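Student: Dropping the structure in here first, questions after.
What follows is calculated from the coordinates using simple rules that are stated; it is not laboratory data. If you're wondering where the values come from, they're calculated on a predicted model, not measured in any experiment. No Cβ is skipped: glycine too gets one built from the backbone with ideal geometry, and neighbour counts run over all protein chains shown.
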Amino acid sequence: MKPVPPVPRLPYVLLAGLTVVAFAGPLAMLLVIRGGPSAGLPPDRAIEWVVIALVFGLFIVLFFACISINWWHPGLRESRKPKTNNPAVGNRPTIS
């Protein structure tokens with residue numbers, strides 16, 4: 001039985017980033033929408049929209065990176081290819 005190769009660190013980093021954005025993003029949006037140091041000050045609409053767009057954009061990018069990492073990460077792609085002992089056989093795996 002062959003040992004399973006270790007999973008690269010990148011999937012864990014992407015998942016941690018997605019977790020941080022999912023929990024801290026709404027808090028950041030809430031703080032920006034509440035306004036400045038005084039509750040009577042109106043918030044700046046441009047800053048609100050920029051923060052909201054950044055939070056949603058980061059979430060979407062990290063989410064799709066997490067679910068599609070098997071397609072684009074070369075280390076994970078290489079581990080899915082079948083191994084052959086005979087180059088004349090092609091991509092068919094050998095039976096042992």
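Student: Residue separation times 0.36 nm, minus the C-alpha to C-alpha distance between residue 61 and residue 22: what's the value?
Tutor: Taking 0.36 nm per residue and subtracting the Cα distance, the gain is 12.8 nm.
Student: Can I ask one more? Can you give the extra length, in nm with one decimal, that the chain gains between residue 2 and residue 34 once fully stretched, where that is 0.36 nm per residue apart less the Cα-Cα distance?
Tutor: Details: separation 32, 0.36 × 32 = 11.52 nm, distance 5.62 nm.
Gain in length upon complete extension: 5.9 nm.
Student: For a Förster distance of 30 Å, can you work out the FRET efficiency between the beta-carbons of residue 10 and residue 52, rounded to the nearest 0.05?
Tutor: 0.65
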